[in-house]
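Taking it in order: structure first as structure tokens, then the write-up.
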Amino acid sequence: MQFAHSMERAVTCAVTAFERMKALKVAPTPNNYEMWYAYVADSLPELRQEIDHMLARGTAFTPEVCESLYQRHIGSRDTRDGIDDASRRLHDTMTSVATAVGTAQAGAQAYGQTLESFSGAMQHGGDGDRLAAMLAETRRMTQLNRKLEQKLSASRKEVEDLRRNLDTLEEEASTDALTGISNRKIFDRVLTEESAKAQANGTFLSLLMVDIDHFKAFNDTHGHPLGDQVLKLVARSMVQCVRENDTTARYGGEEFSVILPNCTITEASTIAEKIRRTVAGRRVINRRTNQDLGRVTLSVGVAEMALGEPLTGFVQRADEALYAAKRTGRNRVVSQRDLERADAG
């Protein structure tokens, strides 16, 4: 990633970035520095917005959280660059093929004109020179067709390779590398699309915000490999519990989300409870030692979109319900209705 700043501006951003990292106890790795420099320089608005949101919530910037932020906002740009490069190569290849086909068509047209000329000459008593010209034109057309066949054969293989490469890159750009479910970028896109549909059609849209209880303590005790195993277990369990048209995504770190189109808050709460029970019913086993590490629990917040409300308010209500679940004991589902009843009481 490139930054076009003056020396004075760059020094100021660098110093501020290091101060921020030190205050938040963020390891000064190259990736972390690049991310916090971008935050301080405000060169990636979406990154700054998410970090500001996390700072407001008091989120700990653990190595996993920092890596997730980096991959979504900076590493994913490298993937996008790869997609753009593959797209350009595919366009260049197709242009080359079109040029070759155009040359062949022009050659065929010239060949047809030569045939007509030869036919007319034969009717009026043509001579050997015209026959020689006809044979020469036939040889030229044969060579042209042979070159076209070779070009098309080579281009066909290149197009197939490029398309496979594009499919792979597009999948990587939309999928969380660890869990295999949708990433934050896809969550943002789908939520925007589904909210627009719900507002336009007057249909229901619900959202689950899901957080793994005491995940940092588990990671610190058992290590990141087993923490990754827990993240995968939760992702698999969530996918098994939701409907076909729902979108399950890794929101960041140990936090997940589910977008539920055409779903009331009552139905969404039922799905949330199913997810919570499913995960709580599974045990985490250290595959290397076969040690039983116990169960994992989830806190879940549920919200239903109101007609005409902005996305920020919708997500914030789901977030508030999630943190109410964590404050009141964890391993539970709290909906916006629960919060409304508590406020009314």
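The values are calculated or read from the model by the stated rules, or taken from the named source; none is laboratory data. It should be emphasised that the depicted structure is a prediction, and the values quoted were computed from it without experimental measurement. All Cβ positions, glycine included, derive from the backbone under ideal geometry; neighbour counts span all protein chains shown. Heads up: the accessible areas ignore ligands, DNA and RNA and are worked out on the full protein's heavy atoms, side chains in. Shrake-Rupley method; radii C 1.70, N 1.55, O 1.52, S 1.80 Å.
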*Within the set of pairs 6+ apart or on separate chains, which have a first residue in region 244-261 that is in contact (Cβ under 8 Å) with a residue 24 or more places away in the chain and farther than 15 Å from A303 by Cβ, a second that is open to solvent by 10 Å² or more (accessible area, probe 1.4 Å) and of a type in the set (F, W, Y), and C-beta atoms under 8 Å apart?*
G253/F215; E254/F215
*asked:* Which residue is farthest from R282 (Cα to Cα), if the candidates are limited to region 322-341 and must be polar (S, T, N, Q) and open to solvent by less than 50 Å² (accessible area, probe 1.4 Å)?
replied: Q336
*Qualifying positions in region 9-67 - among the β-branched types (V, I, T) and either farther than 21 Å from L322 by Cβ or touching a residue at least 24 places away in the same chain (Cβ under 8 Å) (or both)*: V11, T12, V15, T16, V26, T29, V40, T59, T62, V65
*Consider T16 carefully, then state whether it is on the phi < 0 side of the Ramachandran plot, open to solvent by less than 70 Å² (accessible area, probe 1.4 Å), at pLDDT 55 or above and among the polar types (S, T, N, Q).*
yes
*K216, sole failed condition from (1) at pLDDT 95 or above; (2) farther than 15 Å from V315 by Cα; (3) touching a Ser or Thr at 6+ places or on another chain (Cβ under 8 Å)*: (1)
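Scan the helices (runs of 4 or more DSSP H) fully inside region 27-79 and keep the ones with 1 or more residues being polar (S, T, N, Q) and open to solvent by 40 Å² or more (accessible area, probe 1.4 Å).
Result: 30-41, 45-57.
Yes/no per residue for (1) among the small types (G, A, S); (2) under 30 Å from K185 (Cβ atoms); (3) touching a strand residue (DSSP E or B) at 6+ places or on another chain (Cβ under 9 Å):
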site	(1), (2), (3)
A280	yes, yes, yes
R295	no, no, yes
L298	no, yes, yes
V302	no, yes, yes
L307	no, yes, no
D319	no, yes, yes
L322	no, yes, yes
*Hey, A200 open to solvent by 40 Å² or more (accessible area, probe 1.4 Å), at pLDDT below 95 and more than 24 Å from the chain's Cα centre (by Cα) or not*: yes
_I'd like the full set of residues that are of a type in the set (A, V, I, L, M) and under 18 Å from E67 (Cβ atoms), limited to region 218-271._
L226, V230, L231, V234, A235, A249
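One line per residue, one yes/no per condition, for (1) hydroxyl-bearing (S, T, Y); (2) crowded, with 16+ Cβ neighbours inside 10 Å; (3) more than 19 Å from Y323 (Cβ to Cβ):
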position	(1), (2), (3)
T270	yes, no, yes
R277	no, no, yes
G281	no, no, yes
R287	no, no, yes
D292	no, no, yes
A303	no, yes, no
L307	no, no, yes
_Residue in region 253-264 that is open to solvent by less than 20 Å² (accessible area, probe 1.4 Å) and farther than 23 Å from T175 by Cα present_ = yes
*Does at least one position in region 209-216 carry a residue that is among the basic types (K, R) and open to solvent by 60 Å² or more (accessible area, probe 1.4 Å)?*
yes
*asked:* Looking only at strands (runs of 3 or more DSSP E) that lie completely in region 232-345, which have at least 3 residues being of a type outside the set (D, E, K, R) and at pLDDT 95 or above?
replied: 247-252, 255-261, 298-304, 332-335
_Just to be sure I understand, how many residues within region 39-52 are over 20 Å from the mean Cα position of the chain (by Cα) and at pLDDT 85 or above?_
3
*asked:* It is to be established whether one or more residues within region 225-248 are over 22 Å from the mean Cα position of the chain (by Cα) and open to solvent by 60 Å² or more (accessible area, probe 1.4 Å).
replied: yes
